[in-house]
Structure formats: C-alpha cells, structure tokens
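Heads up: the structure comes next, in structure tokens.
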Amino acid sequence: QQQVKQSPQSLIVQKGGIPIINCAYENTAFDYFPWYQQFPGKGPALLIAIRPDVSEKKEGRFTISFNKSAKQFSLHIMDSQPGDSATYFCAARDYGQNFVFGPGTRLSVLP
Amino acid sequence: EADIYQTPRYLVIGTGKKITLECSQTMGHDKMYWYQQDPGMELHLIHYSYGVNSTEKGDLSSESTVSRIRTEHFPLTLESARPSHTSQYLCASSEQGGYGYTFGSGTRLTVV
C-alpha cells in the first residue's frame, strides 16, 4: 500500500511533443504529490507538486493532472525540449510526512 | 542552489576498505535520508533520521551504518566495502511537515 507505481519506464519524443508520465497509488492517506527531475550526475530536484483537493496545476510548460477517485496523477510537459531530457520521479507524502517515490521514467527529447 | 553537500563526489576504493560518505546541510532540517541509486534508476531508501540521535533503517537492506550526532551532519559508513556496494549514494533532507526533499548531488562509489 506504500507503493507508488509509475509508467512508462522510458519515453522518447520529438522536440515539441507532449510526453505524459503516469503514476498511481493505493494509500488514501497520501496527502501531497510532488514530481522530481533528475539530470545525470545530479540529485533529484523538486519540479512541481499538487495537493489532492486540486485537479490540475500548471507551472510553465509542466502540468500535473490529478484524479483523486482513480488514485492517479500524471505529468505533462508541453512543447518539450531536448533540455527536458532527464529522469522523472513521482512521489507521495505519507502519514509520517515521508515521501514514497515511484521507480522513475527516463525521458529523451530528440532535437 | 541546494544547501546540502556530499563529499566526495566520486570515490574508487578497494574491496575490504572502510569508507565514510559525508553529508551536511545548512538548512537546519530535522529529517535526513540516504538513498542508493544505480544511474538513472529507482531510488532505494537505506537509512533515515528524524533528528539528533535518531537513526532508522530504510526499505533496502544495507550493510552500511549511519550516525546523527549533529543536526547538520549525517555520515554513512561502510565498514568493509565490496563490489556489490558500487552505486550512487544520495543524501536528502527535509523540514518537519515539509513539502519535499532537498537532495545533494550524490557520491558515485566504485569498489574494485
């Protein structure tokens, strides 16, 4: 129940495309859902986050869609660029205020 | 820039050696974490701490140990390094009730 599932494992899109990464969870006690972006040789960095009482949040080209009833949330990257190529992790905050991470998605944006 | 520092960034060491990976943060965060990660792959929690003198094992079994004598410092020690310990080790911190973790840049460990 503490798991966060994430798909796809890897994703290749052309520049300008809209990659979508999906996550799902079972634990209804999760109360905050961030996304992290990790470049090679770096630690993950917080990208965008959403609370479960909000269905969508947009920051620049990044949008989170949240479906509380389905216990699913997704990251959309509009007008993707080669510089967006990275590994993306979804996460969920549990009752102990620790975060559970999904297994990650490797995104490649081709020029 | 993240205010959490890990040293060394890269380390190549022989089998059987004792090593300590350093992690320090200047944000006054109570919670600190160690993750093991193969390049671009899943994050595995190996240790965490909720404050001074508090340490717990994470989800992934690890032969490493940690200590938390000062709020800002959370070193990880391998008493006897083995090739199976070859990986990237990431340190992170957060405040109580925080909205995310701040990660260091990691230590890439190679045991030969």
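Unpaired Cys in the protein assembly as shown, meaning no second Cys C-beta under 4.7 Å: none found. Diffusion coefficient (Stokes-Einstein, Kirkwood radius over C-alpha pairs, 10 °C, 1.306 mPa s) for chain B: 114 µm²/s, rounded to a whole number.
Looking at the stretch A:1-92, the pairs of alpha carbons with a distance over 18 Å make up 42% of the total.
Here each label is just a point 7 Å from Cα along the line to Cβ, and for B:D30 and A:R51 those points are 2.1 nm apart. Charges at C-beta only: +1 for Lys and Arg, -1 for Asp and Glu. How large is the resulting dipole of chain B about its Cα centre, in Debye rounded to 20? It works out to roughly 380 debye.
Among the GluC sites (Glu not before Pro) in the stretch B:58-104, those located in a DSSP loop and surrounded by at most 15 other Cβ atoms within 10 Å of their own Cβ are B:E63, B:E79, B:E95. Computed over the protein assembly as shown, the convex hull of the alpha-carbon atoms projects to a mean area of 12.1 nm².
Between B:R9 and A:N67, the modelled labels are 4.3 nm apart [label points 7 Å from Cα along Cα→Cβ]. Along the stretch B:22-37 the Karplus relation, 6.51 cos²θ - 1.76 cosθ + 1.60 evaluated at θ = phi - 60°, assigns HN-Hα couplings of 9, 9, 9, 10, 10, 9, x, 5, 6, 8, 9, 9, 10, 10, 10, 9 Hz to successive residues, with x for each Gly and Pro.
Compared with the direct C-alpha span, the chain from A:K58 to A:I12 gains 14.3 nm at full extension, assuming 0.36 nm per residue. Can you find, among B:S54, B:L11, A:L110, the residue farthest towards the positive end of the dipole of the protein assembly as shown? Put +1 on the C-beta of Lys and Arg, -1 on that of Asp and Glu. The residue sitting farthest along the positive end of the dipole is A:L110. Available extension along the chain between B:N53 and B:Y99 is 14.2 nm, counting 0.36 nm per residue and deducting the alpha carbon span. When you filter the GluC sites (Glu not before Pro) in the stretch A:14-107 for DSSP loop state and at most 15 other Cβ atoms inside 10 Å of their Cβ, you are left with A:E26. Evaluate E = 1/(1 + (r/R0)^6) for B:K18 and B:S61, where r is the Cβ-Cβ distance and R0 equals 22 Å; express this FRET efficiency to the nearest 0.05. In this case the efficiency is close to 0.70.
Within the stretch B:16-64, the trypsin sites (Lys or Arg not before Pro) that combine a DSSP coil assignment with at most 16 other C-beta atoms in a 10 angstrom radius are B:K17, B:K18. Placing +1 on the Cβ of every Lys and Arg and -1 on the Cβ of every Asp and Glu, with no other charges, gives the stretch A:4-110 a dipole of roughly 120 debye about its Cα centre.
Rule-based calculations on the coordinates, nothing more; no lab input. Predicted, not measured: the structure shown is a model, and the values here were computed from it. Positions of Cβ are generated from backbone atoms using ideal geometry, with glycine treated the same way; all protein chains shown enter the neighbour counts.
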